[in-house]
Amino acid sequence: VNDSPSQYKIRLSGTVKSPKLNFDPPFLMLMPVPLGVETETDLSIIPQDYLRQSRIHIELPEVELEDGDRIYPFTVQFPEGQDVVLSSDGKHNQLICHISFRSSKPVSFLGNMCFTDEEEN
């Protein structure tokens, strides 16, 4: 290599993995409760293929009532934090998301909650 005019070719290949979130359970069904009573459950969020720490955000749905009023009956808490953190062995921490619902008016709802990270994955 030092004084030799030989040429060397290097071929590199790789796979790009996009970060993603898995959920356990994959969908929620909250039990019907009397008006003004809270129903709640926990959801496990399992991050995959993150290369650096990231914060999880959630977009909660707005619900339209029969009388046309709009409410946000869902609340979300992350009791152990909402940061995806890499451990020393390269694994990600599992996040617990506590979801609760309460409404003072009758409502039935089927919809999505959108979970994203700082890079909108």
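The values are calculated or read from the model by the stated rules, or taken from the named source; none is laboratory data. The shown structure was predicted, so the numbers you read here are calculated from the model rather than taken from an experiment. As a convention, Cβ positions derive from the backbone with ideal geometry for all residues, glycine included, and neighbour counts pool all protein chains shown. What goes into the accessible areas is simple: the full protein's heavy atoms, side chains included, and nothing from ligands, DNA or RNA. Shrake-Rupley method; radii C 1.70, N 1.55, O 1.52, S 1.80 Å.
Out of the residues in segment 52-68 meeting the condition of being open to solvent by 70 Å² or more (accessible area, probe 1.4 Å) and farther than 26 Å from LEU95 by Cβ, tell me which one is farthest from the chain's Cα centre (by Cα).
Looking only at segment 52-68, we keep the residues that are open to solvent by 70 Å² or more (accessible area, probe 1.4 Å), and these are 52-53, 55, 57, 59, 62, 64, 66-67.
With the extra rule that they be farther than 26 Å from LEU95 by Cβ, the set shrinks to 64, 66-67.
Values: GLU64: 24, GLU66: 30, ASP67: 32 Å.
Going through the qualifying residues, I end up with ASP67.
Just give me the residues in segment 86-108 being more than 15 Å from SER44 (Cα to Cα) and loosely packed, with under 15 Cβ neighbours inside 10 Å, in sequence order.
SER87, SER88, ASP89, GLY90, LYS91, SER104, LYS105, PRO106, SER108
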Report summary line: For ASP42, the lone unmet condition from (1) within 19 Å of the chain's Cα centre (by Cα); (2) open to solvent by less than 80 Å² (accessible area, probe 1.4 Å); (3) acidic (Asp, Glu) is (2)
Query raised in the report: Which of the following residues is within 22 Å of GLU120 (Cα to Cα) and outside any loop (DSSP other than H, G, I, E, B): PHE23, PHE27?
Result: PHE23
Report summary line: Checking PRO47, PRO73 in turn, the sole residue that is open to solvent by less than 50 Å² (accessible area, probe 1.4 Å), closer than 17 Å to ASP117 by Cα and out of contact with any Gly (no Cβ under 9 Å at 6 or more places or on another chain) turns out to be PRO47
